[in-house]
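Some notes on the structure that comes next.
The values are calculated or read from the model by the stated rules, or taken from the named source; none is laboratory data. Since we're looking at a predicted model, the values are computed, not measured. Methodologically, a virtual Cβ is constructed for each residue, glycine included, from the backbone with ideal geometry; neighbour enumeration extends over all protein chains shown. Note: areas computed on protein heavy atoms with side chains; ligands, DNA, RNA excluded. Shrake-Rupley method; radii C 1.70, N 1.55, O 1.52, S 1.80 Å.
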4 protein chains.
Amino acid sequence: MSIEGVVYKGPNQVAIEDVNDPEIQHPNDVIVDVSSTCICGSDLHMYEGRTAAEEGIVFGHEAMGTIAEVGDGVSSLAVGDRISIPFNVACGHCKNCEEGKTGFCLNVNPSGGVPAGGAYGYVGMGPFQGGQAERMRVPYADFNALKLPQGSEHEDDFAMLADIFPTGWHGTELADLQPGESVAIFGAGPVGLMAAYSAKLKGASEIYVVDRVQSRLDLAEQHCEATAINFEDGNPVEMIQDEHGGMVNKGVDAVGYQSIEPDKARESDEPYDPTKENPGVLINQLIRVVEPKGRLGIVGLYVPEDPGAPETISEMEAQGRLGIDFGKLFEKGQGLATGQCDVKSYNRYLRDLIMAGRAEPSFVVSHREPLSNAPEMYEKFDDREEGVTKVILEP
Amino acid sequence: MSIEGVVYKGPNQVAIEDVNDPEIQHPNDVIVDVSSTCICGSDLHMYEGRTAAEEGIVFGHEAMGTIAEVGDGVSSLAVGDRISIPFNVACGHCKNCEEGKTGFCLNVNPSGGVPAGGAYGYVGMGPFQGGQAERMRVPYADFNALKLPQGSEHEDDFAMLADIFPTGWHGTELADLQPGESVAIFGAGPVGLMAAYSAKLKGASEIYVVDRVQSRLDLAEQHCEATAINFEDGNPVEMIQDEHGGMVNKGVDAVGYQSIEPDKARESDEPYDPTKENPGVLINQLIRVVEPKGRLGIVGLYVPEDPGAPETISEMEAQGRLGIDFGKLFEKGQGLATGQCDVKSYNRYLRDLIMAGRAEPSFVVSHREPLSNAPEMYEKFDDREEGVTKVILEP
Amino acid sequence: MSIEGVVYKGPNQVAIEDVNDPEIQHPNDVIVDVSSTCICGSDLHMYEGRTAAEEGIVFGHEAMGTIAEVGDGVSSLAVGDRISIPFNVACGHCKNCEEGKTGFCLNVNPSGGVPAGGAYGYVGMGPFQGGQAERMRVPYADFNALKLPQGSEHEDDFAMLADIFPTGWHGTELADLQPGESVAIFGAGPVGLMAAYSAKLKGASEIYVVDRVQSRLDLAEQHCEATAINFEDGNPVEMIQDEHGGMVNKGVDAVGYQSIEPDKARESDEPYDPTKENPGVLINQLIRVVEPKGRLGIVGLYVPEDPGAPETISEMEAQGRLGIDFGKLFEKGQGLATGQCDVKSYNRYLRDLIMAGRAEPSFVVSHREPLSNAPEMYEKFDDREEGVTKVILEP
Amino acid sequence: MSIEGVVYKGPNQVAIEDVNDPEIQHPNDVIVDVSSTCICGSDLHMYEGRTAAEEGIVFGHEAMGTIAEVGDGVSSLAVGDRISIPFNVACGHCKNCEEGKTGFCLNVNPSGGVPAGGAYGYVGMGPFQGGQAERMRVPYADFNALKLPQGSEHEDDFAMLADIFPTGWHGTELADLQPGESVAIFGAGPVGLMAAYSAKLKGASEIYVVDRVQSRLDLAEQHCEATAINFEDGNPVEMIQDEHGGMVNKGVDAVGYQSIEPDKARESDEPYDPTKENPGVLINQLIRVVEPKGRLGIVGLYVPEDPGAPETISEMEAQGRLGIDFGKLFEKGQGLATGQCDVKSYNRYLRDLIMAGRAEPSFVVSHREPLSNAPEMYEKFDDREEGVTKVILEP
C-alpha cells in the first residue's frame, strides 16, 4: 500500500512520489489523515543540501489532521478526532519529557539520544516519516496529540500550532519577555513574525522587528504593532537605539546561523554584499542592543556541523564555533537561552487563544496549495520570493 | 588628614601609603572603620597590569567594619554598628537596584552607566576609594550596609560576605542549580570553592570541582563534599562523565578569561604548556559536560578589552570575542547567564546561615595579616603559592 | 502656612479645610504640587466610619504632580519633575523593600511594623498627610517617585498609576495568571476593572467579570474583552461554568470583606437581600469556580478588625475570622495569595505601556472635578451612583 | 488466583486475606512483586472509620518492588526492574500530568475527575487495588514507575520515596522555602519529620518543629538540625517567636484537620484537653508565626466531608468550612498553597540524593515487619504508641 508524499531528491529538488502508507507499529500509535501540512524554513536547510539528509526522505513536520486508526493502548483519542501534531516526537516518560522539555526527549532518537529529541521527516531526528504526505504515524499519541474542535474552523490558524507559533512564542519565553517590556526581534520570517505576534499578545510595550524584506516588515507592523527596522537602511543596533531612546529590555534571534551582515560592510565603506553569511553577527548585535541584565532568546537554528557551508565561512564557523562577544556579554551581566521549541509547553494555551478569537496567527500564511504543487512552492519559498511567507500544503 | 591604605604603584607593585581620610560627602553616606578587608582574585587583574588601572588607585572591595560617622540622611544605621559592605556600590533607587540587580546600578558609575555598576577601589567602576585602608566611605549607606551582630564573632566568616561567598552562590544561581542536581564547577580558587560550598548548602547531589592545585581540590573535598577533578590528570570533561556516568545537570565557570587549556595539548600529543591561556576553552568544556537543556552559570570574569593580553591570545580574543561552540549549545538547548554578583540578593541570607552555625565559609581563609603586610601578600597570592587561598588584611 | 485639603469630619462627612502646608522634614523628602488625586474605594471604609480613623485626618493616597521642593539628600529628582506617587510609603532599604515588597515596608509604620507598610492619608498606616490636597510631602523620594514625561499628556491614565492600575495588575499576579489562561474576576469596581484590563493586556484567553452594576459590567465588556456575569441573574459560579464549559484556570477577588451574597438567598428561596454582607462568600465561590491546582489572587480588602460591622455579621467575622471551605481548597490543591499591592513592582512597566499607547486605564474615570467638589463626590461614589466609577480631584 | 493483602474490615479492623492477584489489563500496565510497603498516616483516616471507605478495600499506597510482568505497550521497563511506585496514579497525558501536577490527574478517577487524582488502595481515589499485598498492578507504568538501582541497597530509604519524603518536601515547596530562610513546621509525624529533613537538605537557616510526642521531637533534633517546640509546654507561636527573636519566614502544616488545640485552653485557664480537635487552629497559628509576605505550605490533610467527625466539631467544620483568620492573612499579605503531593515532581531528585549518600530518610522508620503483622501494627500506629514512627511491611 502506498500514499503520496513529498520526497527529497537531492539539492534543490523534491518530488511527489508514492511512499509507505504508515501502519500502527506500537499500541500507543495513531494514524492520521493529514488535512494541512506546511513547508518550514528548516526544511530548506535540507532542501538546499546543507545537511546530511539523503535522497528518499519524506519531508514535513508541521501537520494536522484527523485520526484514522488507533492503537490498542491509546486511551484518550478516537477515530475521527481532529488533532494538531507537534513537530517534536516525544515519549512522554523520560526525564526531559516529564519536565516539559519535549523537544529533547531522551528515548525517541535511536542515535543514543545525541542529539536529544525527535522530529518527523527530519535528518538526524529519528526514523519518523514526514507529514507532507496523505497520512502519517504519530507515536505515543496520547502524549503527542493536541485535540482540536471538530470541523474545519480555524484550519489555517491551527496549522501554525505544530511549529511556528509555539516556536515564535518560545523565543519570547527564552528571552524571559515580561509584559510592559521592550524587545528587539531579529528576523521577520514566519518564526520572527510569530515571535513579534507573541510579544504583542503578552503585552510587550515596544516591539522592534529587523529584516530587509519589506513585505514581511509590513506584516510585522500591521499584525504585531511592531516598529519595522530595515537593516538595508543602516545599522540595526543604532536604528533601534535611536528609535527607542536606548537599549531594549530583551532580544530574540529568529534567524540563526545563516544570518547576513550588512552593517560591518557599511562600517568599512566596502561595497555591500547582502548575501554574505556571518553566523555570529546577530548574537553580537543582540548583545549590543539589549540592556545590562537583559536576556536573549535564540530560536534561530545554529548547527554544530554545516557540511554545505559557503566558502566565505571559516572552517571553525562551519563546525559551529562562532566568535561571540563574550566579554561584552559578561560585562553587561546578560544571559541567553537557546534551542528548538518544546511545542507541548505552549500549544494548548495558544490553541485556546485561537479558539477564543484572540489570536489569528494565520496572517503569515500566503499560500494554501494542493500537495502536488510542493515542488513549485519549495522553489518559491527557497527564493524568498516577495509575498511568499508561509505555505500550507493540502493533501 | 590621612590614613593608611594599599596603593597601586604599577605592574606587580603595591605599597602602604598615606591616602585621603574619607569624609561624609552626602547626607546618605557613612564612614566605616575597617576591621577586615580581603585581597580578591580580581584585584590581581589590576595588580598584574592587565587593566587600565593607573598608579595611585587605592585597592580593596571586600571590607567590613564599624560605623564611625553617619550622614544626616541616614535613618537605619548608627555610630558603632558593625556592618558588611558589599563590593557593589549601588544607589538603591534606579530601575536595576529596585529589581535587585545591584551589581548593575545605573547611577553610580559616572561614565554614563557604561558599564553599569560600581565598586570600591576598582578601575572603571566609579570614584569610590578602596577598602584596603583604615577607613572608607560608604555611599547610600542605608541601602548598601548589611548589619552584623555586635562584637567580633564570626569575623572571618563575615569577611567573606562582601564578595566571594555571594559570588560563589551567584554562580549556582545563574546555573539555576536545584536541590538533588549534579553540578560541575570549574575552578577551585576562592570563588570556585564558595560555589562548591553553596552547591552543598543547597542540597546538590553530586559536585565536581575542576582545578590543578591539589591543596585547593583538597579543600573542596573536605568542606564541600565535592569530587575533585585534577585536569593535569586528563580531560576534565571525560573525567567527570566517567565518574558521574554521563553529563551533569548544571555547570559553573569560576575561572573566566584567564583559563588555561591542558586538554587540547594532550589531544595533540604536543608538549604540555599549562600556562597558555585559552579564554574560551572553559565555556566549551561546560557546553560538553552539561546535559541538554542544562544551564551554565558564568561568574569567572570575562572582559571586553584585555590590554595586557599575552601574545598567544589573538587580537579578536583580546577584545573579548571568543570562539564559542554555539552550534553545540543550540543543539543541546542550553542556556547560560553571566556577570558579576548582585551581592545584596544573597548576603542577608548567607549571614543568617553563618549566624545559625550552618555555614562557615572562612575555611578558605589561609592568612590573616596586618594591613602593612599587603605588598608581600599580594605577591604570594599572585604566585598562587601553595597554601595561599584567601588573605584577610587587618588595618 | 496652610493649603486646602479634604478632611474627615466623622462618618459620611468630609470637608475642604485648611491643613498644614507640608515641609521638607528629612534630606530625602520632596514636596509635590498635586495635579491629580483620586478618591479610592478604600477611602470609603474610613468615610463610612468602619475604621478607627479619627476626625481631622487628611484623606488621599492616589496622587501625582510636579516637584516643588527637593531635600538635600535627593539625587535623582529636581524641581519641576512630574511624578507619580505610589500609595505605599516605603523606605527602600529594609528587607521587604529590597525584595520588592514595598507594600510591607518594615520602617515607615511607627507602630513597630504591625501592620507592615505605610500609606498617605490612611488610618493605621503611619503619619503621612494625605494627597487630596494642594501639596504633599513624599519621603524617601528617590525611591518612591516614578518619573513621568513632562507636560500634561496622559494625565488621567497616569493618575491610575498610584494605586488601582497596579492593584488590579497585582490581583492577576497573585493569581499567577499566564497568557492563554482563563480567569474569573469578582468585582467590577475600579480595581476589578483594572484586573480585567490587566488580564487582557497579559493575553488571557477568557475573562469573566462578576458584578451587579450593569454600567460597570459594560465597561468590562467594552474595554477588557470580558464576558459580563451579573450575579443578580443567578449563581455566578454556575453561570461562569456554563459559559466557559467548566472551571476556569485562575480567579481574582477584587471585592473583599464587604462582599454580598445573593446566591445563598437564591438557593434557599428566601427573599433576596442584595445588601447583606457575607465576608467569606466570595472566597468560597472562587474555590468552586477555579480548577484544581488553580490559584486565587485576593486584592479586595480583608481586615482583622471591623469595628463598624453591620449586625448581620457575626462577632467572629467582625474579627476577620471567616468560614473558608478549606477542605475543598485542599482537595483541589489550590493556593491563594493576598494583600495590598506593592505598587513599585509594576508601575514602571505600566507607565511604559501607557506611553507606548498600549494601555489607557483612564477608561474607568467617570469624573474630573475641582478639589472643592470632594464632599459631593464622596457622597455620590459612596452611593455607588450609576455612572460614578472613578473620580479624579484637581487641586 | 489469589495473593495475600491487607483488607479493611470496618472501623479499627484490618485482616490479612486472599485478594485478587492482579493481571495486566492494559498494554501500558506492569505487575510488581512488592518488596516493601508502608502504613501511612492517611491510611488511619480510613482505618478509624472517618471516611466513606467500605469493607473489603485493600489498603496501601506506599509500595516498591520488582517488575514481574510487562504489558505490550510498555517501552522503558523490563521484568526484573526494581522500581518505586508513587502513591499517585497518573495517566501522563492529561493537562495536569503534562504540567507536572500528577497528584491531580484528570483521567484516572472514574468519578469524572472530582476530585482530580488517583491513588492505590484509597477511598474515592479510583479503582486501584492497594499495595499492602504481595503483588500490585501499576497502570501507565512507563510514566508512573521510578527506576531504582538493582539489588536491595537503600531499601528502607527508597521505601520513603512513594509518599512521605516527597510529601514532606512538597510542604517546603508549597511554602516556597529558600536557602537561608527560617521555617516553622507543625507536626513531627512522618510527614512533618520529612518536611524538616527537606528544609535541612535545602539549606534552611532555622527549623522549628512543633509536636507533643517527645520521641518524634527528638528525631527532629537529631536528624534535621531542628529546634523542638513541645506545645504541651506553652503556646507554640510565642515559643517560636521567643526562640527566634520574631516571626519566621515560612511555615508548613504537616498535621491537617485533626489538629488539636492546647493553647486556647491555656489562654482560658480551663482544664487542658489535649485531644480535642480544632481543625483550623494550626492554620491560624501559622498565620501568626509567619512574617508578612511569608508563605504557608499545607500538606496536612483537610477534607470537604468528615463523616466520622467527633461531636466537638461543628457541623460547618465537619463539611470542611473552617474559621480562618483571613483578615490577618490579608493584612500580612501572606499566601498559602495546599494539596497532596505530586510525587513525580521530586522523587527522581530525592532518589539521587539517597544514592549519593546525602539523604537517609529512613531515620523515621521504626519497624520493618512481615505483612502478616499488619493488624497489630495498624493498632500500634493508630495509638501513636511511643516509638512507633513509621512501619514498613514486607510481603
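Restricting attention to region D:328-341, the residues that are open to solvent by less than 10 Å² (accessible area, probe 1.4 Å) and within 15 Å of the chain's Cα centre (by Cα) add up to 3. Do we have A:Glu317 as assigned to a helix (DSSP H, G or I), over 14 Å from A:Asp253 (Cα atoms) and among the acidic types (Asp, Glu) here? Yes.
Among the residues of region A:196-225, those identified as aliphatic (A, V, I, L, M), open to solvent by 10 Å² or more (accessible area, probe 1.4 Å) and at pLDDT 95 or above are A:Leu201, A:Leu219.
Taking the conditions (1) surrounded by fewer than 24 Cβ atoms within 10 Å (Cβ to Cβ); (2) free of Cβ contacts under 8 Å to residues at least 24 places away in the same chain in turn, B:Cys105 satisfies each one other than (1).
Take B:His61 and tell me if it is in contact (Cβ under 8 Å) with a residue 12 or more places away in the chain, under 29 Å from A:Pro292 (Cβ atoms), surrounded by fewer than 19 Cβ atoms within 10 Å (Cβ to Cβ) and not assigned by TED's automatic domain parsing to the domain that holds B:Pro304. It is false that B:His61 is in contact (Cβ under 8 Å) with a residue 12 or more places away in the chain, under 29 Å from A:Pro292 (Cβ atoms), surrounded by fewer than 19 Cβ atoms within 10 Å (Cβ to Cβ) and not assigned by TED's automatic domain parsing to the domain that holds B:Pro304.
One line per residue, one yes/no per condition, for (1) crowded, with 22+ Cβ neighbours inside 10 Å; (2) over 20 Å from the mean Cα position of the chain (by Cα):
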| residue | (1), (2) |
| --- | --- |
| B:Gly294 | yes, yes |
| B:Glu315 | no, yes |
| B:Gln319 | no, yes |
| B:Arg348 | no, no |
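All of (1) open to solvent by less than 10 Å² (accessible area, probe 1.4 Å); (2) modelled with pLDDT under 95 hold for A:Pro115 with one exception: (1). Of all residues in region D:326-344, those that are facing chain C (nearest Cβ under 7 Å) and assigned to a helix (DSSP H, G or I) have Cβ atoms under 6 Å from Cβ atoms of residues that are hydroxyl-bearing (Ser, Thr, Tyr) and open to solvent by less than 10 Å² (accessible area, probe 1.4 Å), 6 or more apart or on another chain, in D:Phe326/C:Tyr302; D:Gly327/C:Tyr302; D:Leu329/C:Thr338; D:Phe330/C:Tyr302; D:Phe330/C:Thr338. Taking the criterion of being farther than 23 Å from A:Thr167 by Cβ and within 7 Å of another protein chain (Cβ to nearest Cβ), the only residue of region B:285-300 that qualifies is B:Ile298. When region D:35-49 is filtered for residues that are charged (D, E, K, R) and open to solvent by less than 10 Å² (accessible area, probe 1.4 Å), only D:Asp43 remains. Identification of helices (runs of 4 or more DSSP H) wholly contained in region D:135-182 with 2 or more residues that are under 30 Å from A:Pro27 (Cβ atoms) yields D:141-144. Among the listed residues D:Gly100, D:Gly80, D:Gly130, which satisfies the condition of being out of contact with any helix residue (DSSP H, G or I) (no Cβ under 8 Å at 6 or more places or on another chain), assigned to a loop (DSSP other than H, G, I, E, B) and open to solvent by 10 Å² or more (accessible area, probe 1.4 Å)? Just one listed residue meets the conditions, D:Gly80.
Summed over region C:135-152, the residues that are among the charged types (D, E, K, R) and surrounded by fewer than 20 Cβ atoms within 10 Å (Cβ to Cβ) give a count of 1.
Within the set C:Glu48, C:Glu69, the sole residue that is at pLDDT 95 or above and out of contact with any Leu (no Cβ under 9 Å at 6 or more places or on another chain) turns out to be C:Glu69. Considering B:Asp242, B:Asp233, the condition of being assigned to a helix (DSSP H, G or I), open to solvent by 30 Å² or more (accessible area, probe 1.4 Å) and over 19 Å from B:Gly300 (Cα atoms) is satisfied by B:Asp242 alone.
Scan region B:350-392 for residues that are assigned to a helix (DSSP H, G or I), more than 9 Å from every other protein chain (Cβ to nearest Cβ) and within 17 Å of the chain's Cα centre (by Cα) and the total you get is 7. Within region C:328-353, the residues that satisfy the criterion of being out of contact with any helix residue (DSSP H, G or I) (no Cβ under 8 Å at 6 or more places or on another chain) and in the same structural domain as C:Thr172 (by TED's automatic domain parsing) are C:Phe330, C:Glu331.
Just one residue in the set D:Val365, D:Val391 is closer than 23 Å to D:Gly49 by Cβ, modelled with pLDDT of 95 or more and open to solvent by less than 70 Å² (accessible area, probe 1.4 Å); that residue is D:Val391. Determine whether A:Pro310 is within 7 Å of chain B (Cβ to nearest Cβ) and either charged (D, E, K, R) or open to solvent by 10 Å² or more (accessible area, probe 1.4 Å) (or both). So A:Pro310 does not fit the description; no. Only one of the listed residues (B:Ala90, B:Ala159, B:Ala145) is under 13 Å from B:Asp342 (Cβ atoms) and not assigned by TED's automatic domain parsing to the domain that holds B:Ala254. That residue is B:Ala90. From the list A:Arg135, A:Arg82, the one residue that fits, being modelled with pLDDT of 95 or more and touching a Leu at 6+ places or on another chain (Cβ under 8 Å), is A:Arg82. Any chance you could count how many residues in region D:153-192 are open to solvent by 20 Å² or more (accessible area, probe 1.4 Å) and over 19 Å from D:Val255 (Cβ atoms)? Looking only at that region, the number is 7. The number of residues in region D:73-127 being of a type in the set (A, V, I, L, M), under 17 Å from C:Lys332 (Cβ atoms) and within 14 Å of chain A (Cβ to nearest Cβ) comes to 3. The selection criterion, being of a type in the set (A, V, I, L, M, F, W, C), in contact with an Asp or Glu (Cβ under 9 Å, 6 or more places away or on another chain) and either at pLDDT 95 or above or within 24 Å of D:Glu221 (Cα to Cα) (or both), does not hold for D:Ile324. Among the residues of region D:11-34, those identified as of a type outside the set (D, E, K, R) and open to solvent by 40 Å² or more (accessible area, probe 1.4 Å) are D:Pro11, D:Asn12, D:Gln13, D:Ile16, D:Asn20, D:Ile24, D:Gln25, D:His26.
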